[in-house]
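Comments concern the structure below.
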Amino acid sequence: MTWQVAAAVIGAWFIAIGAAAQEQPATAADGGVVGRMHLVWQLLRNPRWVIGGIVTVVGMGLHLAALTTAPLTIVQPLGISGLLVAVWVAARWRRRRLTRVEWFGAGAVTVGLIGLVVSLPHDAEVTPMLSDGHLVTLSVIAGPLAFAAVVGGHLLGARSRAAILAGTAGLCFGVTAALVRVISHDLRDGWSALWHWRVLVALVLVAVGGLILQNAYRAGHFGLSYAVLLVVDPIVAAGVGVVFLAEPLPTTVIAMVTAAASATLTVIGVVALAGRARPPAGIGAAEQPAPQQRSDSPRTTDRLLSRVIPPRITHQTTNPQ
């Protein structure tokens, strides 16, 4: 189990660095607010976003490698460790040292994750199996929620939109992690497992979740978006693992109390760090240009003057008589 834990943690760090790199291009991109494919084509032309995507893919590969032989209840919570890297990257951008709140949050997340890994059972051999009926149930839950988030996202304020969209992306990624756990196990019996329709569901959920997450970053609240994502994703994945894949939970009183206390401490650390994992001032600060920037624009000034002073009147005023 050692290499799985290491792969999950390192993968989370890569994903955090990739997310931090992609946040600024996603926020600065033109186009619609939610669910526009034009956003994807524009981001693909941004080198920083592409590099961030490559780093994210590497992290996801390490994370999926850990899922091949380790339970969801252990691997998914380790993804929260990526928030530590996000906070460090934000501090580097601002050229400052970590604050006491950030040190406290980092310590709480670290201790909480260690407690979860120690308290959760990982010796029991459970074969991950998901029936077609359960797969339909998960699809019926995730699909409409994602659609509602995309359709209703433009009706929400920036902060609420960031939280709702990030939570929806976490739902998609959490279900995808459970499907990958099943698919990776089935591949031991042959490549025919790749032709099952659960693979298509996983690919669609990854694509939809990724698009929704980029729109969550566009709301300008990176710390909130990333924190919500890191909380919802492991909760959904662990819930699917326990309910549908029969993954074990702690059985002794000491283990249950330790797991509950560790989870609580981790959430406290995430909340403490959420407000700090932001890009530096001036990067992705708002969806619309600031009023001063608009007033300084020559084209905008010309348009405003042309509305107030028609061209004919302007010509007359310039005539000597």
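What follows draws every value from the coordinates through simple rules; no lab data is involved. Because the structure is predicted, anything quoted here is derived from the model rather than measured. Glycine also receives a Cβ, built like all others from the backbone with ideal geometry; neighbour counts cover every protein chain displayed.
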Fewest-first sequence of Val117, Val253, Val204 by Cβ atoms within 10 Å of each Cβ: Val253, Val204, Val117
Spread of Cα-to-Cα distances over 10 Å intervals beginning at zero, given as percent, for the range 73-159: 13, 23, 27, 29, 9, 0
Overall form of the range 109-246 per C-alpha gyration tensor (a/c, 1.5; a/b vs b/c): oblate
Segments 5-12, 100-107 sorted - mean Cβ within 10 Å per residue, highest first: 5-12, 100-107
For the range 176-228, diffusion coefficient by Stokes-Einstein and Kirkwood Rh (Cα), 20 °C, 1.002 mPa s, µm²/s: 169
Cβ crowding within 10 Å averaged over residues, with 47-53, 230-236 ranked highest first: 230-236, 47-53
Distance in nm between pseudo-label sites at Phe104 and Thr127 (7 Å out along the Cβ direction from Cα): 5.0
Overall form of the range 2-288 per C-alpha gyration tensor (a/c, 1.5; a/b vs b/c): oblate
